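Accompanying notes for the structure given below.
The values are calculated or read from the model by the stated rules, or taken from the named source; none is laboratory data. Computed from a prediction, not measured in an experiment: that's the story for all the values here. FYI the Cβ positions are ideal-geometry reconstructions off the backbone, even for glycines, and counts take in every protein chain you see. Note: areas computed on protein heavy atoms with side chains; ligands, DNA, RNA excluded. Shrake-Rupley method; radii C 1.70, N 1.55, O 1.52, S 1.80 Å.
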Amino acid sequence: PTAYVGLDRYDCRKQMVTDLEAQGLMAEVEEHSLKVPKGDRTGAVVEPYLTDQWYVDLTTERQADGRPGGKAFITDPSIDVVRNGRVQFVPKNWENTYFQWLENIEDWCISRQIWWGHRIPAWYDEQDNVYVGEDEAQVRAANSLGDEIKLRQDQDVLDTWFSSALWPFSTLGWPEQTERLETFYPTSVLVTGFDIIFFWVARMIMAGVSFMDEIPFHEVYITGLVRDQYGQKMSKSKGNVLDPIDLIDGIALDTLLEKRTSGMMQPHLKDKIAKQTKESFPEGIPAFGTDALRFTFAALATNGRDINFAWGRIEGYRNFCNKIWNAARFVLMNTEGQDCGQTGSPTQLSAADQWILSRLQQTTQEVKRAFESYRFDRAASALYDFVWNEYCDWYLELSKPVLSGDSSEAQKIGTRQTLVTVLEATLRLMHPIMPFITEEIWQKVAPMAGTTGDTIMVAPYPEFDKNLVNEEAQQQIEWVQALILGVRKIRAEMNIAPGKPLPILLANASKTDQAWAQTHQQLMEFVGRIESIEILANEADAPEAAVALVGEMKVMIPLAGLIDKDAEVQRLTKEIEKSEANLQRTRGKLKNTSFIDKAPADVVDKEREKLAQGENALQNLQDQLAKIQSM
């Protein structure tokens, strides 16, 4: 026999074939393809290697006293606590994944050949007899092994998920019956991803029921898996990981490149990752702040399986933080040092005050329901809509004529009180999602709103108050909003300057419309830049005008003297020609089969969306031109 020293297994076999052929001992060589698996990180050949392993028995049926027969003593109780509702999954459909795994379970291999983890609690003597115990001293005592007998501990460690299964109670002092264990076990909610329901969630329940005779938690909230903007799973090997700290504080391109390409397990991907990073972040990542990032993840937290991190969303929510800050500045500028109702002075609330207080209550109820059902996306949407579209865009504007006009002192106090009261309650409503900006503003606003406390963190969460819901005020302000929006739409369509006061005519106005027009005339004139409001008894008497509808009522703006008809026709004609040329290019691109077949799907979809938007814009321009020409 020939000894082959210093050769790996494959070179050894190759040399053996060569030697056998040289000696005429090779009968036949048959070529065949062999797939040789290699580790993606090290490139080393991966081969099966049979060794002894440790298992947990999950399949043997046992009776209550441990004898064979009866239910599977670990898995069946874990199934029962979910079926009977003691542990609930949110969304509920993830229970199916849990049941499918446990009902088709196999024995659990818990030993791992890695260098970190809890060592297997097993010891061997020189004859390879095995002893299991809590530690070596307990093993020696239980088996009457003297100090002269040498023992060695098993080199394997416990499966990571076995150690993790003990987490709900091992972190609280178990096996000792500590005060922390009694206080905090079981916990209320576990938040985790769907990809480890069987790895971790099921095993924590199995361990809790087995060792503690109690479930480890009452609810399991399953989140989607956060992916990059293209739907790819984030991993260092792909170079598409986004570090939350980099999104919060910002990072320069050079630093980001170094971070993504250093210490790589697969160095050959370095150039590819560097190129992708430069394309995605040509100027690095700007600072967005913690609150904007938290709000983004809340807004993306649907019940779906995946969450694609939308880059534009975090930019939008950074702007939302700025909106909140600027709104607070406006409120403080108009309330600091002023009577905001804390002294007990008489107050009079306007319809706008009553409307925003009513909408605050409805938003509070909507956010509370969303939190209770783990629909953080709906909570974020309700908060965003209320703060941006109602409180900032409308109520702050509606408060200006009261604060700066000839309103009574009671009306001004009522409006100032409403400004700070609604802002303070809204900050508490948003605090779980946006803790930093809300704390900073609350410290200044809370005293003026009559709220005491050292921090917003321990302030009571807002509660729904049905007594503050005012349907009449909401109907009136919604009518005012519709009228002002109609006027603004006409301004935009006719290219009329936003600041130019406009006379408006109201045709087909009901008695309610007429009453509200009279009540809120000063408000609408201030906010809508309206010169005058006239109610027409007969629509036929109206001059040539642009029209917007508010229910059955027509809001008309006479155009005579407001625009240069010839100049406007010329401008719109040029816009139409430009729009038609752009549409022609887009249609040509989409008719090109080569483009459709070769371009990425998202690029083709963008072109189709561009075409639809262009066609809609062209139709609007043509409608405007027809309206001008008919004057």
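Among 386-394, 594-602, 181-189, how do they line up from the highest to the lowest mean number of other beta-carbon atoms within 10 Å?
Ranking the peptides 386-394, 594-602, 181-189 by packing returns 386-394, 181-189, 594-602.
Work out the FRET efficiency for Glu552 and Ser188 from their Cβ-Cβ distance, taking R0 = 41 Å, and round it to the nearest 0.05.
FRET efficiency, Glu552 to Ser188: 0.20.
Give me the percent of accessible area attributable to carbon and sulfur for the chain, probe 1.4 angstrom.
Taking all protein chains in place, the chain shows 50 percent carbon and sulfur surface.
So, for segment 402-464, what is the accessible surface per residue at a probe of 1.4 Å, expressed in square angstrom?
In whole numbers, segment 402-464 has 43 Å² accessible per residue.
Which label belongs to the value computed from this structure, given these candidates for Rg/Rh (Cα atoms, Kirkwood Rh): (i) 1.11; (ii) 0.98; (iii) 1.18?
(i)
Using the Karplus curve 6.51 cos²θ - 1.76 cosθ + 1.60 with θ = phi - 60°, work out ³J(HN,Hα) for each residue of segment 128-141 in order, rounded to whole Hz, and write x for Gly and Pro.
6, 5, 9, 10, 10, x, 5, 7, 5, 4, 5, 5, 5, 5
Counting DSSP beta bridges with both partners in segment 504-559, what percentage is antiparallel, nearest 5?
Expressed as a percentage, antiparallel bridges in segment 504-559 total about 75.
Got a number for the accessible area of Arg529? Probe 1.4 Å, square angstrom, nearest 10.
Accessible surface of Arg529 is approximately 110 Å².
How do the peptides 311-323, 416-428, 33-45, 93-105 rank, highest first, by the average count of neighbouring beta carbon atoms within 10 Å per residue?
416-428, 311-323, 93-105, 33-45
Taking only protein heavy atoms and a 1.4 Å probe, what accessible area per residue, in Å², does segment 477-577 have with all protein chains in place?
Heavy-atom accessible area per residue stands at 53 Å².
As I understand it, the dipole of segment 437-567 uses +1 on the Cβ of Lys and Arg and -1 on the Cβ of Asp and Glu, about the Cα centre. Which of Ala567, Val527, Gln476 lies farthest toward its positive end?
The listed residue farthest towards the positive side: Ala567.
Considering the options Leu398, Asn467, Ala328, tell which one lies farthest towards the positive end of the dipole of the chain, charges being +1 on Lys and Arg and -1 on Asp and Glu at the Cβ, about the Cα centre.
After comparing all options, I get Leu398.
Amide H to amide H under 5 Å from Tyr374: which residues, 5+ apart in sequence or cross-chain, H placed 1.01 Å off N in plane?
Hits under the 5 Å cutoff: none.
With r defined as the distance between the Cβ atoms of His268 and Lys591 and R0 fixed at 30 Å, what FRET efficiency is calculated, to the nearest 0.05?
0.15
Quick one: 3J(HN,Hα) in Hz for segment 579-595, Karplus 6.51/-1.76/1.60 with θ = phi - 60°, rounded, Gly and Pro as x.
For segment 579-595, the Karplus-derived couplings read 5, 5, 5, 5, 5, 4, 5, 5, 4, x, 5, 6, 7, 7, 5, 5, 5 Hz, x marking Gly and Pro.
Based on Cβ point charges of +1 for Lys and Arg and -1 for Asp and Glu, what charge dipole magnitude is obtained for segment 139-215 about its Cα centre, in debye rounded to the nearest 20?
With Lys and Arg at +1 and Asp and Glu at -1, about 120 debye.
Taking 56 Å as R0, compute the FRET efficiency from the Cβ-Cβ separation of Gln276 and Gln15 and round it to 0.05.
0.80
If the chain between Arg369 and Asn508 were fully stretched, how many nm would it gain, using 0.36 nm times the residue separation less the Cα-Cα distance?
45.9 nm
Would you mind calculating the gained length between Asn326 and Ala482 on full extension (0.36 nm times residue separation, minus the Cα-Cα distance), in nm to one decimal?
Computed gain between Asn326 and Ala482 is 53.6 nm.
Amide H of Val220: which non-local residues (sequence gap of 5 or more, or other chain) have their own amide H closer than 5 Å, using H built in the peptide plane?
Gln88, Phe89, Val90, Leu190
Take peptides 219-228, 144-153, 191-200 and line them up by average Cβ neighbours within 10 Å, highest first, as a rough protection proxy.
219-228, 191-200, 144-153
Residue farthest toward the positive end of the dipole of the chain, with Cβ of Lys/Arg at +1 and Asp/Glu at -1: which of Phe194, Gln348, Leu293?
Value computed over the given set: Gln348.
List the residues, sorted by chain then number, that are 5 or more residues from Leu225 or on another chain and whose placed amide H is less than 5 Å from its amide H.
Asp306, Ile307
Obtain the nm distance between the two label points defined at Asp128 and Gln342 by a simple spin-label model: each point lies 7 Å from its Cα along the Cα-to-C-beta direction.
Here the modelled spin labels are 8.2 nm apart.
Just how large is the dipole of segment 238-353 about the Cα centre, in debye to the nearest 20, putting +1 at every Lys and Arg Cβ and -1 at every Asp and Glu Cβ?
It works out to roughly 560 debye.
Could you tell me what percent of the DSSP beta bridges with both partners in the chain are antiparallel, to the nearest 5?
Just about 55 percent of them are antiparallel.
Round to a whole angstrom and tell me the spacing of the C-alpha centers of segment 563-631 and segment 255-306.
Between the Cα centres of segment 563-631 and segment 255-306 lies a distance of 36 Å.
Hey, got the dipole for segment 466-523? About the Cα centre, +1 on K and R Cβ, -1 on D and E Cβ, debye to the nearest 20?
Rounded to the nearest 20 debye, it is 220 debye.
Which value, in Å², gives the accessible area per residue of segment 72-121 when a 1.4 Å probe is used on the protein heavy atoms?
Result: 58 Å² of accessible area for each residue.
Calculate, in nm to one decimal, what Ala599 and Leu151 gain on full extension: separation in residues at 0.36 nm each, minus their alpha carbon distance.
154.6 nm is the gain from fully extending Ala599 to Leu151.
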